[in-house]
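*Asks:* Structure provided below as structure tokens; questions to follow.
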Amino acid sequence: MVKRDGFIPIYLDRKGGKILLELPRDSMRVLYFISQATGLGSNPIGIDRGAGGGEYVARFDREGERVLVVLENWAYRTSLAAQNPAHARTIAESFPPSTVAALPITGETGGRLLVDATDFFLRDWLDVAGTLAASNEGSYTVARDRSSIYEPYTRAFPTNTEVDVALTFAASGRPGGTVSQIVPDGRAFTLRQHASFVQLPDDGYRPRTLDPRTGFFGITFRDYGQPIQNSLEQRWISRHRLLRANPADPRSAITNPIVYYIDRGIPEPVRTATREGATFWVKAFDDAGLKGGFRVEDLPEGADPLDARYNVVQWVNRNERGWSVGGSLGDPRTGEILKGQARMDSHRARTDYNLYAGLMGADAAAADTAFVLARVRQVTAHEIGHTLGMAHNYIASTYERGSVMDYPPPRVRLAANGEIDIATAYGLGPGPFDVWAVRWGYGIYPQASETDSLAAIVTEGLKGGFLFLSDADARPDFASDPRTNLWDDAATADEFLRHQMDVRRVAMSRFGERNIRVGEPIALLQERFVPVYFMHRFALNSLSKTIGGVEYSNAVRGDNLQATRPIPGAGQRVALRMLAAALHPAELAIPDTVITLLAPRPFSYAPYVELFGSRTRPTFDELGAARTLAQMVLDGVLQRDRAARLVQQAAHDPRALTLSETVGALAAATAARAGESPKHSALRRVAQRALADRLLALAADREASPEVRAIADLEITRLRDVARRNPGAGSPDEQAHRMAMAGDFTRWLERRELPAPTPALRAPPGDPFGMVP
């Protein structure tokens with residue numbers, strides 16, 4: 001056998017294809033991490049190179065002629081274990097561990113055991129088979145005869161042992177469509193999974209209790225030793241350990257700086273921009289009084305990115321664009337981060353270039369590269385922030401680029417001369433919230449004064465206006481606070497929409513052959529036009545939260561933050577007027593000069609998800625694009641929770657915006673105008689149909705409140721009466737449109753029969769940083 005000595009020595013039996021571990025005769029405890037070493041290359045399926053998996057405290061217990069591998073259950077515990085072992089026993093006997101393997105003992109000498117761990121490692125720890133089944137990609141299982149230990153990255157070091165295995169997955173039936181598209185033969189493909197055994201950290205790390213105002217995520221567990229006045233659920237933040245030579249001296253040197261390593265596989269100039277983005281955190285730590293606490297280096301030649309000793313910024317290639325992701329592996333007992341893992345999507349640069357070319361043209365020399373690289377720096381800093389334990393902060397845009405943990409679109413404005421200005425597209429360093437959060441999360445204080453020091457930092461930040469709201473507060477489907485959004489870039493939602501629509505109008509008016517390079521197929525203009533036509537989609541989402549909106553904060557007793565504040569009716573009406581204006585035919589229309597250029601895909605250019613849908617194939621569907629945009633507006637405004645908040649607010653305030661008033665404003669915005677062109681008449685009918693379908697869906701929605709459904713019925717009745725007036729007036733298209741709406745309304749009102757409307761075409765994914773999974 002080949003021996004690799006280290007924390008847990010490894011023996012490789014090359015002839016038998018086995019891997020054996022040398023363990024102490026008595027029980028041994030370690031941290032056990034599992035990661036995905038290689039990826040499938042599909043963003044929708046989501047099996048990525050470098051993806052982190054499980055993090056466990058594992059115990060090796062001898063039991064006769066075998067060693068059991070037991071994963072300890074740290075989700076339930078007691079802080080009284082030292083004082084009351086009997087109480088700790090009640091926890092241990094109430095919530096079981098997981099015994100995941102029995103390793104046969106093959107040898108024993110000198111107080112050491114040799115165990116066969118081949119079966120332990122050659123299993124689908126990350127449930128690739130389950131992920132494929134859930135993605136409708138067929139039934140796959142590990143083919144043991146085609147799986148093996150991957151020796152180049154199976155190594156042992158003084159404090160960690162790394163085992164890499166190549167697992168071949170074989171289809172037991174018809175192979176998956178996406179899998180078959182990516183791999184040479186969809187009936188079988190090989191992925192590597194990586195396991196790390198890491199020495200348990202010492203007791204010198206002090207967990208820090210989570211504060212909902214500071215922007216850190218972490219571990220949550222139930223502590224049954226808490227007094228009855230306290231919650232069973234305890235929350236500690238996730239963070240790296242940082243130490244000073246003298247904790248009592250804030251000028252004392254950092255003795256264990258956090259080092260992040262850049263994947264050498266990132267191509268230039270993106271690699272340099274990635275390194276520069278990582279150094280945002282060098283400045284954040286320095287400005288937070290932790291000078292020298294964060295460093296950036298290249299990954300050493302030959303090092304495995306999944307080696308537990310390295311925090312890495314890794315390059316991920318996929319068949320289509322997708323998210324970059326920041327995660328970490330750590331100690332589930334304390335929340336201490338031991339390995340940061342940021343995965344950067346390689347498609348991002350090309351997606352960013354498409355956005356630039358759609359706005360500015362494709363002949364911009366070095367300006368387009370500068371735009372793309374500025375964005376690479378921004379997203380690198382963002383994902384590393386996650387690996388440091390920091391959550392999204394989607395309200396930070398209200399205090400001028402307050403945090404890299406927000407999702408910023410590029411800052412695009414109209415200059416005084418009417419030109420599109422991208423000079424300050426992205427920030428150049430950490431935001432003030434980031435520096436403040438690092439002070440709170442990573443600051444080093446004497447134990448006796450730590451609680452008071454942290455409280456003082458929070459008070460200082462709140463006085464400075466550092467608000468924090470995260471994912472659940474920002475999602476556009478039901479969220480209520482218009483300050484908290486994915487992809488916004490202004491102090492208020494209405495200001496953001498004004499900027500976006502101003503730029504959109506100019507970009508659409510100038511759109512043409514200038515937006516592709518000489519020699520490229522004209523049909524490529526369609527994918528450049530997508531981000532221009534839907535440029536304001538996120539601003540519309542932001543502003544729609546004003547309707548029935550409620551601002552709120554993660555308030556804590558004694559901090560004087562206002563927990564909730566309904567948005568006054570006057571402010572809601574301003575937002576409603578802007579949203580209704582976005583439904584006008586002039587805002588839905590596409591210039592005829594652009595329509596003539598949106599040609600079908602040429603030979604060998606297959607359709608894909610980032611193009612407009614069409615019901616006029618092979619030609620471009622102008623009315624279909626308008627319907628998609630109109631539906632975005634209406635679905636946002638008339639979302640069921642938002643509508644219920646309108647009803648509730650009107651019960652408290654006679655000046656509040658009502659649901660009936662909201663529907664009336666939308667109906668007025670889509671009403672016919674004297675002298676409108678045939679094209680605008682058609683677009684107006686598109687918006688009317690979208691409103692009709694949305695109201696019918698709201699009336700039939702069993703999850704909507706009964707008050708909302710009743711008002712939806714009332715507004716449907718009114719619109720039916722309007723549609724029935726002057727049945728013979730107008731063009732045949734107009735008559736057919738009114739007759740169809742009146743018929744659908746009548747079937748619902750009289751027979752509760754919901755029509756099956758033609759749905760809006762799905763909008764191409766438009767998130768500036770990637771595609772939502």
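The values are calculated or read from the model by the stated rules, or taken from the named source; none is laboratory data. Every value quoted in this text rests on a predicted model; they were computed, and no experiment measured them. Heads up, the Cβs are rebuilt from the backbone with ideal geometry, glycines too, and the neighbour counts pull from every protein chain shown. Side chains are part of the model used for accessible areas, which takes the heavy atoms of the whole protein and leaves out ligands, DNA and RNA. Shrake-Rupley method; radii C 1.70, N 1.55, O 1.52, S 1.80 Å.
*Asks:* Provide the packing ranking of 690-702, 328-340, 603-615, i.e. peptides ordered by the mean count of other C-beta atoms within 10 Å per residue, highest first.
*Replies:* Values: 690-702: 20.2, 328-340: 22.5, 603-615: 12.5.
In descending order of packing, they fall as 328-340, 690-702, 603-615.
*Asks:* For P(r) over Cα pairs in 20 Å bins from 0, in percent, several values are listed as [x] 14, 41, 34, 10, 1; [y] 16, 50, 30, 5, 0; [z] 14, 39, 32, 13, 2, 0; flag the one computed from this structure.
*Replies:* Correct label, based on the coordinates given: [x].
*Asks:* Just to be sure I understand the curve: with the Debye formula and one point per C-alpha of region 102-173, what is log10 I(q)/I(0) at q = 0.11 Å⁻¹?
*Replies:* At q = 0.11 Å⁻¹ the computed log10 ratios are -0.39.
*Asks:* How far is helix 450-463 tilted, in degrees, relative to the longest principal axis of the Cα atoms in the chain, given as a value from 0 to 90 rounded to the nearest 10?
*Replies:* So the inclination is approximately 10 degrees.
*Asks:* Now for a different question. Calculate the dipole size of the chain relative to its Cα centre from +1 charges on Lys and Arg beta carbons and -1 charges on Asp and Glu beta carbons; express the result in debye to the nearest 20.
*Replies:* Numbers: 91 positive and 91 negative charges, 221 e Å.
Here the chain has a charge dipole of around 1060 debye.
*Asks:* What are the residues whose amide H is under 5 Å from the amide H of Tyr76, where those residues sit 5 or more places off or on another chain and H is modelled from the backbone?
*Replies:* Counting only residues 5 or more places away or on other chains, the set is Arg222.
*Asks:* So with the 1.4 Å probe, I'd like the accessible area per residue for region 203-313, rounded to whole Å².
*Replies:* Numbers: 5090 Å² over 111 residues.
Accessible area per residue, region 203-313: 46 Å².
*Asks:* Suppose accessible area is computed on protein heavy atoms with a 1.4 Å probe; arrange Ser35, Ser148 from highest to lowest. List each step's numbers first, then the result.
*Replies:* Values: Ser35 5, Ser148 55 Å².
I get Ser148, Ser35, largest accessible area first.
*Asks:* Keeping the other protein chains in place, figure out the carbon and sulfur percent of the accessible area of the chain, with a 1.4 Å probe.
*Replies:* Details: 17420 of 32840 Å².
Whole-percent figure for carbon plus sulfur exposure: 53.
*Asks:* Moving on. Reachable aspartates and glutamates from Lys463, Cα under 15 Å, same-chain residues fewer than 8 places away excluded?
*Replies:* Within reach: Asp559.
*Asks:* Right, here's the next one. Please turn the phi angles of region 302-311 into ³J(HN,Hα) values with the Karplus equation 6.51 cos²θ - 1.76 cosθ + 1.60 (θ = phi - 60°), one per residue in order, whole Hz, x for glycine and proline.
*Replies:* Going residue by residue, I get x, 6, 7, x, 8, 4, 5, 7, 10, 7 Hz, with x marking Gly and Pro.
*Asks:* Also, I was wondering about something else. Give the lysines whose C-alpha is closer than 30 Å to that of Lys339, dropping any in the same chain fewer than 8 places away, or say none.
*Replies:* Answer for Lys339, where 30 Å is the Cα cut-off: Lys3, Lys18, Lys283, Lys291, listed by chain and number.
*Asks:* Please compute the per residue accessible area over region 629-773 with all protein chains in place, 1.4 Å probe, rounded to a whole number of Å². It would help to have the intermediate numbers written out before the result.
*Replies:* Numbers: 6840 Å² over 145 residues.
Here the per-residue accessible area is 47 Å².
*Asks:* Ranked by accessible surface with a 1.4 Å probe, highest first, in what order do Phe95, Phe534, Phe478 come?
*Replies:* Details: Phe95 55, Phe534 5, Phe478 95 Å².
Listed by decreasing accessible area, they come as Phe478, Phe95, Phe534.
*Asks:* I've got another one for you. Report the relative contact order of region 98-149, percent, no decimals, based on alpha-carbon pairs under 8 angstrom and at least 6 residues apart.
*Replies:* 23 percent
*Asks:* Let me ask something else. Would you please give the residues with an amide H less than 5 Å from that of Asp298, counting only those at least 5 places away or on a separate chain, with H modeled from the backbone geometry?
*Replies:* Ile262
*Asks:* Which order do the peptides 445-452, 458-465 take when ranked by the mean count of other beta-carbon atoms within 10 Å per residue, highest first? Walk me through the numbers before you get to the answer.
*Replies:* Numbers: 445-452: 11.5, 458-465: 14.8.
Ranking, from highest mean packing down: 458-465, 445-452.
*Asks:* Could you give the dipole magnitude of region 311-385 about its Cα centre, charging the beta-carbon of Lys and Arg +1 and that of Asp and Glu -1, in debye to the nearest 20? Walk me through the intermediate numbers first.
*Replies:* Values: 9 positive and 8 negative charges, 30 e Å.
My answer is approximately 140 debye.
*Asks:* Might you tell me the accessible area per residue for region 415-476, computed with a 1.4 Å probe and given in Å²? Mind showing how you got there, number by number?
*Replies:* Details: 2790 Å² over 62 residues.
I get 45 Å² per residue for this part.
*Asks:* Taking 8 Å as the Cα distance limit and 6 or more residues as the minimum spacing, I'd like the relative contact order of the chain as a percentage.
*Replies:* On the way: 1527 pairs, mean separation 71.8, N = 773.
Relative CO of the chain lands at 9 percent.
*Asks:* Quick check for me: using +1 on Lys/Arg Cβ and -1 on Asp/Glu Cβ, what's the dipole size of region 622-730 about its Cα centre, in debye to the nearest 20? Before the final figure, lay out the partial values.
*Replies:* Details: 17 positive and 13 negative charges, 75 e Å.
The dipole of region 622-730 has a size of about 360 debye.
*Asks:* On a 1.4 Å probe surface of the protein chains, which of Arg213, Arg375, Arg235 comes out largest in accessible area, and what is the full order? Could the numbers behind the result be given before it?
*Replies:* Numbers: Arg213 30, Arg375 0, Arg235 105 Å².
Output order, biggest surface exposure first: Arg235, Arg213, Arg375.
*Asks:* Compute the distance from the alpha-carbon center of region 257-334 to that of region 1-58, in whole Å.
*Replies:* Region 257-334 and region 1-58 have Cα centres separated by 22 Å.
*Asks:* Roughly how tilted is helix 706-724, in degrees to the nearest 10 and between 0 and 90, from the longest Cα axis of the chain?
*Replies:* 30 degrees
*Asks:* Using alpha-carbon pairs under 8 Å, 6+ residues apart, how would you state the relative contact order of region 268-367 in percent? Could the numbers behind the result be given before it?
*Replies:* Numbers: 97 pairs, mean separation 19.6, N = 100.
Averaging sequence separation for qualifying contacts and normalising by length gives 20 percent for region 268-367.
*Asks:* So who's got an amide H within less than 5 Å of the one on Glu320, skipping anything under 5 residues away but keeping other chains? H placed 1.01 Å off N, in plane.
*Replies:* Answer set, sorted by chain and number: Asn43.
*Asks:* Could I ask something else about it? At what distance in angstrom do the alpha carbon centres of region 580-646 and region 383-426 lie from each other?
*Replies:* Each part reduced to its Cα centre gives a spacing of 26 Å.
*Asks:* Summing Lys, Arg as +1 and Asp, Glu as -1, what charge do residues with Cβ under 15 Å from the Cβ of Lys463 carry, Lys463 excluded?
*Replies:* Here the count lands on 0.
*Asks:* If you line up the long axis of helix 348-360 against the longest principal axis of the chain, both from Cα atoms, how many degrees apart are they, to the nearest 10?
*Replies:* 20 degrees
*Asks:* Give me the three principal axis extents of region 436-499 from the C-alpha atoms, as integers in angstrom, largest value leading.
*Replies:* The principal-axis extents, from largest down, are 50, 22, 16 Å.
*Asks:* In whole Å, how far is the Cα centre of region 655-710 from that of region 450-508?
*Replies:* Cα centroid of region 655-710 versus Cα centroid of region 450-508: 29 Å apart.
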